[in-house]
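**Q** This is the structure I have questions about; it appears just below.
The values are calculated or read from the model by the stated rules, or taken from the named source; none is laboratory data. Because the structure is a prediction, the values reported are computed rather than measured. Cβ coordinates were reconstructed from backbone atoms using ideal geometry, including for glycine residues, and neighbour counts include every protein chain displayed. Remember, those area values only see protein heavy atoms, side chains included, never the ligands or the DNA or RNA. Shrake-Rupley method; radii C 1.70, N 1.55, O 1.52, S 1.80 Å.
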Amino acid sequence: MVAAVLVITMLAVNACGASTLKERSKPTMTLDQARKQIDSYQTDIQANLPMKPVSSPASFSDLECDANDIGPHGRKQTWRSATFEDLPLSGRTQAADAFRTYLTGQGFQPVEEPGVHVGWVKMKSLKDDFVAILDGASDASRTFQLEVISPCLWPNGTPPA
């Protein structure tokens, strides 16, 4: 009986992210470093797409990490997008294929989210957890965008004391 209670307790602790909380309390890169990494990824990805954006990249957007993220609070994500307009669906398919091929070669893996954002092609770097999304890849009625998003990080790189 005691062993069963211990197993159930350990499962509950692991499910609640006790080890994850420790991991999330470690130092990270800064927001400025993340922005430079995003710019580097966007430049490299765009150089490997068969078309160029019609607008310069949007300014960076910062947001506190999700409250469901188990904390600690105060970490942020930053991202930036570039827009491609009036691209026919066939061009979007070609771009999505080039996007997948290039990023797979750079150590990114596809992120599957069944039923979520059907028109997205989402890839995540195994090296640094940055995410690149090609939005609108299969929907001719929407604007086509490239977004690069940082993982959650401490704005100045270190957790509060």
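**Q** Pairs only if they're at least six apart or on different chains, beta carbon under 9 angstrom, first in region 86-98 and free of Cβ contacts under 8 Å to residues at least 12 places away in the same chain, second acidic (Asp, Glu); list them, first residue then second.
**A** If the second residue must be acidic (Asp, Glu), no pairs are left.
**Q** What are the pairs with Cβ atoms under 6 angstrom where one residue, in region 50-75, is over 22 Å from Pro27 (Cα atoms) and open to solvent by 40 Å² or more (accessible area, probe 1.4 Å) and the other, located anywhere, is in a loop (DSSP other than H, G, I, E, B) and at pLDDT 70 or above? Sequence gap at least six, or different chains.
**A** Val54/Glu85
**Q** Something else: Name, by its number, the condition in (1) open to solvent by 70 Å² or more (accessible area, probe 1.4 Å); (2) within 18 Å of Thr158 (Cα to Cα) that does not hold for Trp79.
**A** (2)
**Q** Please work out which one of (1) over 16 Å from the mean Cα position of the chain (by Cα); (2) open to solvent by 80 Å² or more (accessible area, probe 1.4 Å); (3) modelled with pLDDT of 70 or more is the condition Gln33 fails and give its number.
**A** (1)
**Q** Taking Thr28, is it among the β-branched types (Val, Ile, Thr), at pLDDT 70 or above and within 23 Å of Val121 (Cβ to Cβ)?
**A** Considered against the rule, which asks whether it is among the β-branched types (Val, Ile, Thr), at pLDDT 70 or above and within 23 Å of Val121 (Cβ to Cβ), Thr28 comes out as no.
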